[in-house]
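Readers should treat all values here as calculations from the given coordinates under stated rules, not as data from a laboratory. Small disclaimer: the values here were computed from a predicted structure and weren't measured.
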Amino acid sequence: MRLHRCAEIGCRELIKLGFDYCDKHYRLRINDYHNRKSEADKLSSKTLRGQHDIAERNREYNSSVRDELGHEFYNTKQWKRISEYIKQRDMYTSSVDGRVYGKGDLLISQ
């Protein structure tokens, strides 16, 4: 089997052809990549374009993935009756912001 040295400067570990780094340096580089990516995402989320991209991802997730995850309970008669009861009991007033909503605008969550 042919081997070569890790591409990290100063590392003398021998690895198989087809790989650039030994396991130790590969993990370090991947962790560094993830840290930099999360920092870039945090900075991006503060810009208007970043907020728009986040909203688009959430919209896509909600329309395609969320329904497939087993949230069919919210489309059952039982949930609709409970939801309508709570809305009527609270007189269509939101418990979060205290505003009064129309019949179809107020959402009841878990």
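Computed quantities for the displayed model
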quantity	calculated
Longest to shortest principal axis, alpha-carbon extents of the chain, angstrom	74, 33, 19
Under 23 Å from the Cα of K80 - lysines, other chains or at least 8 residues apart	K103
D (Stokes-Einstein, µm²/s), Kirkwood Cα radius, segment 9-56, 1.002 mPa s at 20 °C	162 µm²/s
Proximal lysines to K37, defined as alpha-carbon separation beneath 16 angstrom and excluding residues fewer than eight positions away on the same chain	K46
